[in-house]
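Novice: Structure below; questions to follow.
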Amino acid sequence: EGCPSVKFFLSLYRFQACVYFASVFQAMSCGIHYLASVFMAVTPNFVCGFPGNVSSVLFHNSSASSIEDIWTLWTSTENYIVVQLENGEIWELDQCSRSKREVGLDLAYEYKGNKSVFPCSDGFLYDDTKWKSTVVTQWDLVCEREWLAKLIQPVFMLGVLIGAVIFGDIADRLGRQRVIWFTSAGQFVFGIAVAFTFDYYSFVVVRFLLAMVSSGYLVVAFVYVTEFVGIKARTWASMHVHAFFAMGIMVVALVGFLVRTWWVYQIFLSIATLPFVLCCWMLPETPFWLLSEEKYEDAQKVINTMARWNKVSTPCKVSELCSVQQDELASGRTGDNDTSSTKKHNILDLFCNWQIARRTITVWLIWFTGSLGYYVFSLSSVSLGGNEYLNLFLIGAVELPCYVIACIAMDKLGRRNTLIPFLILSALICVLIMFIPQDFNILIILANMAGKFSIGVAFGLIYLYTAELYPTIVRSLAVGSGSMMCRVGSVVAPFCVYLRSVWIFMPLLLVGIMALLSGILTIMLPETLGKPLTNTLVEATEMGRNKKSCSEKTPPAHSGAAVEKIEMFGQETVSTDK
């Protein structure tokens, strides 16, 4: 039958294919900026600086003429280095303090005499064998300033959260095209600006703005491509946006391996967005947004352009689509006296009864767990031992088959029957990693790849599953609130990774518990494969009880000739975000 991914790409019309690949290419830059800090904000080995010129250095039983020769012997933060200056003074250099020996003419590592302790007023000495420069070494984000380094990724993820909310709303008001233009240019401008920031605070502020535009682009790109590719290719189209995001993670690993100075590294990563910035102005607005804003002439122009590219001799007319939609709306009003469709809905409707409330709590937990696990496995990959660049590259590469498996499984086995085993499997893998000896680096890396694979399947699947679990009247609200929980998970993930300093397996333990709890609760969710989308909360509740829907009517928003006429352009969208 052929590869499903190949079938998906072949199913796209020529115009849609060009728009799709142009849009998802930029999704790589989102993956790049989301994970850039794993190398940019790394903390190398360091000790307190000393006043004067060194004549000899001693570390245990090894001596050298410079500290640079000692770093290869450094094994623990508990160690200290003894240096003798040209003026005869002998200093013991710890990481966050230094001690001057009061008496002692002979240079020896062990010393029992009196010492005067001083702060690191002369700065710090860093091991530059791996990284020539990072933001930590640039602004001395160590010791009492270490917390500033640990805030870099959480602040970025907070920008992701805020940017998704702001630009998602702007895209509905001003159009997808303008937001894509602005956020694409913003990623390039702010990405380059990060490299030229003059202090820590300007660095954090510019990266916060970069996070906002990166998140905004990713949210709008999902909507943009799904509105163009068509209903039949919707699932595969959204999944492959995730795949391009993963390719961005692989680019981070490659550039990190080649460039060891943080600001040059940042410039090279930002240049990856330049090709799209130069051509994104050619992307058209989606016909569906134009129709929703009653810009019929502009919509007709886009449809005509699509028809020429796709060699369609008789393109559909906007006037015909409008008349069909008006007929459907009229029939919907006469056939349904329920006024709930015109009612203003809010977040409380997701807790209208016990059945829906339990569903909402479970879905939110899955969103949170998926995001938490995704970023814990990604951010901690550079601390697994071995080659940190290869580790990150493999953690990104494992996502590519992950989304193919997710698409096949959810269509063959069902949404719930795919979600449950992969959530529980990710929990079991987290437990398994705890029992692997730390000397078995290759086995640890493979287990982490398996964990990232399993959590990635669940993370990719929950987008579509959430949309199918809720009725039309609160579907966007359900997906939006779930996506918000996803971003909360991404903000919490860096703090979770920092718990490695408390216990090396603490992040895995937390992810494993959350994944196991989510997997168990998912058992109570209804299967949605092959079932029609519900329209009211009553229908959604009945679906949860495995009863036949109380209404056989198909919601006007998802049926009718209007959708059939423009199926080639796509209409169903699911707003998502990493």
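The values are calculated or read from the model by the stated rules, or taken from the named source; none is laboratory data. Fair warning: this is a prediction, and the values are worked out from it, not measured in the lab. All Cβ positions, even for glycine, are placed from backbone atoms using ideal geometry, and neighbour counts span all protein chains on display. Remember, those area values only see protein heavy atoms, side chains included, never the ligands or the DNA or RNA. Shrake-Rupley method; radii C 1.70, N 1.55, O 1.52, S 1.80 Å.
Novice: Scanning for something free of Cβ contacts under 8 Å to residues at least 24 places away in the same chain and hydrophobic (A, V, I, L, M, F, W, C), does the range 195-204 turn up at least one residue?
Specialist: Looking for residues that are free of Cβ contacts under 8 Å to residues at least 24 places away in the same chain and hydrophobic (A, V, I, L, M, F, W, C), one finds at least one in the range 195-204, hence yes.
Novice: How do the pairs read when you match residues in the range 178-194 that are within 26 Å of Leu290 (Cα to Cα) with residues anywhere that are of a type in the set (Phe, Trp, Tyr) and open to solvent by 40 Å² or more (accessible area, probe 1.4 Å), using Cβ under 9 Å and keeping only pairs 6 or more apart or on different chains?
Specialist: Trp181/Trp281
Novice: Considering (1) in contact with a strand residue (DSSP E or B) (Cβ under 9 Å, 6 or more places away or on another chain); (2) open to solvent by 40 Å² or more (accessible area, probe 1.4 Å); (3) under 30 Å from Val497 (Cα atoms), say which one Val136 fails and leave the rest.
Specialist: (2)
Novice: With assigned to a helix (DSSP H, G or I) and open to solvent by less than 20 Å² (accessible area, probe 1.4 Å) as the only criterion, which of Phe182, Phe245 stands out?
Specialist: Only one candidate passes the filter, namely Phe245.
Novice: Looking at this structure, is Ser381 surrounded by fewer than 17 Cβ atoms within 10 Å (Cβ to Cβ), farther than 20 Å from Thr466 by Cβ and at pLDDT below 90?
Specialist: Judged against the criteria, Ser381 is not a match.
Novice: Hey, another quick one. Could you list, in sequence order, all residues of the range 401-420 that are crowded, with 18+ Cβ neighbours inside 10 Å and at pLDDT 90 or above?
Specialist: Within the range 401-420, Arg416, Thr418, Leu419, Ile420 meet the criteria.
Novice: Okay, next question. Just to be sure I understand, how many residues within the range 440-469 are modelled with pLDDT under 85 and either of a type in the set (D, E, K, R) or within 15 Å of Ser381 (Cα to Cα) (or both)?
Specialist: Final tally of qualifying residues: 1.
Novice: Looking only at the range 239-261, decide whether some residue is touching a residue at least 12 places away in the same chain (Cβ under 8 Å), assigned by the TED database to the domain that holds Asp199 and touching a strand residue (DSSP E or B) at 6+ places or on another chain (Cβ under 6 Å).
Specialist: Yes; the residues of the range 239-261 include at least one that is touching a residue at least 12 places away in the same chain (Cβ under 8 Å), assigned by the TED database to the domain that holds Asp199 and touching a strand residue (DSSP E or B) at 6+ places or on another chain (Cβ under 6 Å).
Novice: Answer yes or no as to whether Arg176 is open to solvent by less than 60 Å² (accessible area, probe 1.4 Å) and closer than 20 Å to Cys30 by Cβ.
Specialist: Yes: the conditions hold for Arg176.
Residues checked against (1) assigned to a helix (DSSP H, G or I); (2) under 16 Å from Thr360 (Cβ atoms); (3) of a type outside the set (Gly, Ala, Ser); (4) out of contact with any strand residue (DSSP E or B) (no Cβ under 8 Å at 6 or more places or on another chain):
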position: Gly451; (1), (2), (3), (4): yes, no, no, yes
position: Gly456; (1), (2), (3), (4): yes, no, no, yes
position: Thr466; (1), (2), (3), (4): yes, yes, yes, yes
position: Met484; (1), (2), (3), (4): yes, yes, yes, yes
position: Pro507; (1), (2), (3), (4): yes, no, yes, yes
position: Met514; (1), (2), (3), (4): yes, no, yes, yes
position: Leu525; (1), (2), (3), (4): no, yes, yes, yes
position: Glu542; (1), (2), (3), (4): yes, no, yes, yes
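Novice: Looking at (1) within 13 Å of Ser426 (Cα to Cα); (2) open to solvent by 10 Å² or more (accessible area, probe 1.4 Å), which is the one condition that is false for Gly519?
Specialist: Checking Gly519 against (1) within 13 Å of Ser426 (Cα to Cα); (2) open to solvent by 10 Å² or more (accessible area, probe 1.4 Å), the one that fails is (2).
Novice: Looking at the range 195-218, is at least one residue touching a strand residue (DSSP E or B) at 6+ places or on another chain (Cβ under 8 Å) and β-branched (Val, Ile, Thr)?
Specialist: No, because not a single residue in the range 195-218 is touching a strand residue (DSSP E or B) at 6+ places or on another chain (Cβ under 8 Å) and β-branched (Val, Ile, Thr).
Novice: May I pose another question? Suppose we filter the range 73-124 for residues that are in contact (Cβ under 8 Å) with a residue 40 or more places away in the chain, in a strand (DSSP E or B) and closer than 15 Å to Leu58 by Cβ; how many remain?
Specialist: 3
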